Amino acid sequence: MATLQASSLLFSSSSNSRLSRCQRGVTRAALSIPKFSPISFSARGLVKELELLRSGDYPSNTSTTKSPSTIADPMVLAKLYAIMEAVADRVEMHKNIGEQRNNWNSLLLTSINTITLAAATMAGIAATSVVGSPLTALKLASTLMYLGATGMLVMMNKIQPSQLAEEQRNAARLFKQLHGEIQTTIAIGSPTTSDVKEVMEKVLNLDQAYPLPLLGKMLEKFPSRVEPAVWWPQRRQRSQVKGLGRKIGNNGWNANLEEELKEVVGVLRKNDKADYLRLGEKALKLNKALAISGPLLTGLAAVGTALMGSPSHGSWAVVLGVVGGALASVVNSFQHGGQVGMVFEMYRSNAGFFKLMEESIEANLKERDVERRENGELFEMKVALQLGRSLSELKGLADSSIREGNGIEEFGSKLF
């Protein structure tokens, strides 16, 4: 027993001594912690530090990797962030309105077909009824329903809801792309006032190319001539990607690259853009024919039901009233269920994409000062990615164009 008590006393004393040493070590470590200067993450503090860096009055004991000349103007950054917020808001607006107009297409299509088929059914029942009040009621109801369907079809064919929805989808995609461009400009470069003006021009041109309201500003749904969609400023400013600086030598350009891009432009103009304009012409003609046929058939059906029961017209009135309504529902389903207007807008937008690529390449090639062009290697990679090709495939396309000349049948884009 005495042995156990002695051992316990020794254990407790040794434990207490180790604990006291640990506490002294912790206290000594706490006293030796270096004091770091507090860092402020507020936006006001960041702007103030940027202004100090630009003015050269920043404290000398602070080290930085950027020189004052590479720091962006705080006001320019504030403007770009304001534009970026407006662009993000437009993305949501066009997305929501696109969904709304797509719902218009579905609801109007279902409603008009239901009214038309109900009127045709009533006309068929009226044809088998005896002369009297039931026949008159069925005739009147069928005629009124056909007239209502005709008016709704005229309005629907005028605004083309499926085409309106496609316009808003394109606008949302392009505004989202512009939002990413602004983020890239802020992240890897030192933006200037010219960047702000360029972005503002792009926003305003997109607003004009894809308007939100219907009355007064809606795009022409049946133009006399199919033209590519244009959503970019006509006088686009050519600027280098920020952060790359001026390149020593030819800024990534050489004679082979220029010749390659010239051939690519020729292929895009001759095959890709021309093909989509040709398909757009066909889609437009088909849409015009269907837009006229639908209301015409429902109108004839309304005349037929109104003349039913007349001895002078006989069975022709019944044929018009029943068959006309059935054909009208078929035409309406093919036009708006198949979204022919959306297909036309898609072809027009694709043609605009290739027109934008042509103008972008030609603008760089026409600039004689290579230092004012976009970096050649980077530009070649961007063109290849936009066409869904690798760099070797892009060179192969240019070689094929040189060998075959105007007879080349290969399309430049592999995406669509």
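Summary table
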quantity: Lone unmet requirement of (1) at pLDDT below 95; (2) over 30 Å from TRP253 (Cα atoms); (3) touching a Lys or Arg at 6+ places or on another chain (Cβ under 8 Å) for GLY341; calculated: (1)
quantity: Cβ-Cβ under 9 Å pairs, at least 6 apart or on other chains, the range 272-297 side open to solvent by less than 40 Å² (accessible area, probe 1.4 Å), far side of a type in the set (Lys, Arg) and not in a helix (DSSP H, G or I); calculated: ASN287/LYS221; ALA291/LYS221
quantity: Matching option when the condition is touching a Lys or Arg at 6+ places or on another chain (Cβ under 9 Å), open to solvent by 40 Å² or more (accessible area, probe 1.4 Å) and under 26 Å from TYR347 (Cβ atoms), among VAL230, VAL203; calculated: VAL230
quantity: Filter result for the condition that a residue is modelled with pLDDT of 90 or more and either in contact with a strand residue (DSSP E or B) (Cβ under 8 Å, 6 or more places away or on another chain) or surrounded by 14 or more Cβ atoms within 10 Å (Cβ to Cβ) (or both), over LEU244, LEU300; calculated: LEU300
quantity: Any hit, the range 209-232, residues being of a type in the set (S, T, N, Q) and assigned to a helix (DSSP H, G or I); calculated: no
quantity: Neighbours by Cβ (under 8 Å, 6+ apart or cross-chain): first from the range 378-394, closer than 18 Å to GLY252 by Cβ; second of a type in the set (D, E, K, R) and loosely packed, with under 15 Cβ neighbours inside 10 Å; calculated: ALA384/GLU393
quantity: GLU410 being at pLDDT below 95 and part of a helix (DSSP H, G or I); calculated: no
quantity: Cβ-Cβ under 9 Å pairs, at least 6 apart or on other chains, the range 333-353 side within 14 Å of LYS282 (Cβ to Cβ) and open to solvent by 40 Å² or more (accessible area, probe 1.4 Å), far side at pLDDT 95 or above and of a type in the set (Lys, Arg); calculated: TYR347/ARG278; TYR347/LYS282
quantity: So LEU174, is it open to solvent by 80 Å² or more (accessible area, probe 1.4 Å), within 30 Å of LYS217 (Cα to Cα) and modelled with pLDDT of 95 or more; calculated: no
quantity: Residues of the range 379-416 satisfying the condition of being open to solvent by 30 Å² or more (accessible area, probe 1.4 Å) and touching a Gly at 6+ places or on another chain (Cβ under 7 Å); calculated: LYS414, LEU415
quantity: Flag for THR185 being in contact with a Gly (Cβ under 8 Å, 6 or more places away or on another chain) and open to solvent by less than 50 Å² (accessible area, probe 1.4 Å); calculated: no
quantity: Any chance THR114 is surrounded by fewer than 22 Cβ atoms within 10 Å (Cβ to Cβ), among the β-branched types (Val, Ile, Thr) and under 15 Å from SER310 (Cα atoms); calculated: no
quantity: Selected residue (criterion: nearest to THR185 (Cα to Cα)) from residues of the range 70-102 that are open to solvent by 60 Å² or more (accessible area, probe 1.4 Å) and polar (S, T, N, Q); calculated: THR70
quantity: When residues of the range 364-393 are limited to those that are under 24 Å from the mean Cα position of the chain (by Cα) and among the aliphatic types (A, V, I, L, M), the one farthest from ARG169 (Cα to Cα); calculated: LEU378
quantity: Test set (1) touching a Ser or Thr at 6+ places or on another chain (Cβ under 9 Å); (2) loosely packed, with under 14 Cβ neighbours inside 10 Å; (3) of a type outside the set (Gly, Ala, Ser) - PRO191 fails condition number; calculated: (2)
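The values are calculated or read from the model by the stated rules, or taken from the named source; none is laboratory data. Note that the structure is a prediction, hence the values are computed from the model and not measured. No Cβ is skipped: glycine too gets one built from the backbone with ideal geometry, and neighbour counts run over all protein chains shown. Protein only, heavy atoms only, side chains kept; ligands, DNA and RNA dropped before computing areas. Shrake-Rupley method; radii C 1.70, N 1.55, O 1.52, S 1.80 Å.
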